[in-house]
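Encoded as structure tokens, the structure appears first; notes follow it.
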Amino acid sequence: MTDGGMTGKRAVDVARTASVGAAAAPHSAAFTHAALLYRGGDDFEELGSLLHRAAGPDAAMHVAVPDQTMEMISEFWRRPPGSSHLVDMAQLGRNPARIISAGQSFVDQHPDRHVHCVWEPAWPARSDAELQEVARHEALCNLAFTGTPMTIFCLYDTKRLSDEVIATAELTHPVLISAGERRSNPSYLGAGQFPPGCDEPLPPPGDDAISVNFDGELGPVREFAADRATTAGLQGGRLNDFVLAVSEIAANTLGHTKSGGIIRSWCTSKEMLCQVEDHGYISDPLAGRYRKPADSQGGHGLWLVNRVCDLVERRSDAAGTVTRVHMRRRAAR
């Protein structure tokens, strides 16, 4: 693991070096994915300078950080006159599987330009399950954006995040920016390679899990999901979203397997969870993480599931697929 963070003006120069060629040659197809390690509030001025200088005043810039980070760096950064988009990562990235889709949409909106992204996907309040999905997201970025004219700076606060989270982040980024230095990362595992633990079987369902089999009909699936969600206190749109997500996953099972599947549902004090198990195999690790063209065959349901759920976990191998969706019992603000 690398300790420390950015120091003084040198860090800004390093960040500019990370995107060298991109600002000078907007049509370059070079893809850079860098973990930028910083030390909490000690480095907010440098982060603001990075946003202001790294890509130039006319950059196409997608900034997705938690509101707290944006508030702290706003004193040192003014929104550039070029094409830029600011979003609260706590909303966009509540389910990390949404982030790649947002990045691809921004790239599509700026053809023939090199896009710069500043993303902060991890923060201390994240659950262990969320942090594992953040790590999977980071690994999959290296597959999703290969060959794309794009520079992604992923911010990691070494002062507030655990050593384990920082060490895991280092495994998924080809480039590190830390302690005033930009360097190629010898710890990088390679495109699409998951850090240890991120592709292990999910923890077992809760002791109070209720299970039902399904085969051929979605009506009973919807009824089961609606009943369980209502019991958990979900209402209105969130209840409808939960039922929609479970039925879309079950429909995917029925469309791609011959033996149906099992649904298990349980609650914690904070979440409603539902897990669909089947004997199918999803070979595309990016399935559901980007929106396919409207005329494409299949793939839309999994994308929709990621859009409406607070967290989606999926593990798939030759033995079968397990998809677990989380819905907070109280909607996030």
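The values are calculated or read from the model by the stated rules, or taken from the named source; none is laboratory data. Note that the coordinates shown come from a computational prediction; the quantities given were computed from them, not determined experimentally. We place every Cβ from the backbone using ideal geometry, glycine too, and count neighbours over all the protein chains shown.
A few comments on the model shown:
- Taking the criterion of being small (Gly, Ala, Ser) and either touching a helix residue (DSSP H, G or I) at 6+ places or on another chain (Cβ under 8 Å) or at pLDDT 95 or above (or both), the residues of the range 84-104 that qualify are 90, 93, 97, 101, 102, 103.
- Being more than 20 Å from residue 30 (Cα to Cα) and either assigned by TED's automatic domain parsing to the domain that holds residue 264 or crowded, with 17+ Cβ neighbours inside 10 Å (or both) holds for only one residue in 136, 113, and it is 136.
- Test result for residue 219, without any contact (Cβ under 8 Å) to a residue 24 or more places away in the chain and farther than 20 Å from residue 310 by Cβ: yes
So that you can scan it fast, the table gives a plain yes or no per residue for (1) assigned to a loop (DSSP other than H, G, I, E, B); (2) assigned by TED's automatic domain parsing to the domain that holds residue 288; (3) modelled with pLDDT of 95 or more; (4) under 24 Å from residue 91 (Cβ atoms):
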position: 131; (1), (2), (3), (4): no, no, yes, yes
position: 142; (1), (2), (3), (4): no, no, yes, no
position: 151; (1), (2), (3), (4): no, no, no, yes
position: 168; (1), (2), (3), (4): no, no, yes, yes
position: 177; (1), (2), (3), (4): no, no, no, no
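- If you filter the range 207-254 down to residues that are over 25 Å from residue 315 (Cβ atoms) and among the acidic types (Asp, Glu), you find that the one that is farthest from the chain's Cα centre (by Cα) is 217.
- Selected residue (only one of 192, 197, 103 is part of a loop (DSSP other than H, G, I, E, B) and closer than 24 Å to residue 301 by Cβ): 192
- The residue list 196, 205 contains one member that is outside the structural domain of residue 286 (by TED's automatic domain parsing) and within 19 Å of residue 311 (Cα to Cα), which is 205.
- Residue that is surrounded by the fewest Cβ atoms within 10 Å (Cβ to Cβ), among those in the range 163-222 that are acidic (Asp, Glu) and within 21 Å of residue 252 (Cβ to Cβ): 217
- Extreme residue, farthest from residue 49 (Cα to Cα), among residues of the range 64-78 that are crowded, with 18+ Cβ neighbours inside 10 Å and at pLDDT 85 or above: 66
- Those residues of the range 24-44 which are at pLDDT below 85 and crowded, with 19+ Cβ neighbours inside 10 Å, in sequence order: 43, 44
- Of all residues in the range 223-252, those satisfying the criterion of being free of Cβ contacts under 8 Å to residues at least 60 places away in the same chain and buried (at least 16 other Cβ atoms within 10 Å of the Cβ) are 224, 225, 226, 228, 239, 243, 247, 248, 250, 252.
- Scanning the range 200-222 for residues being part of a loop (DSSP other than H, G, I, E, B), farther than 30 Å from residue 169 by Cβ and of a type in the set (Gly, Ala, Ser) gives a total of 2.
- Some residue of the range 153-162 being farther than 26 Å from residue 271 by Cα, β-branched (Val, Ile, Thr) and either in a strand (DSSP E or B) or without any contact (Cβ under 8 Å) to a residue 60 or more places away in the chain (or both): no
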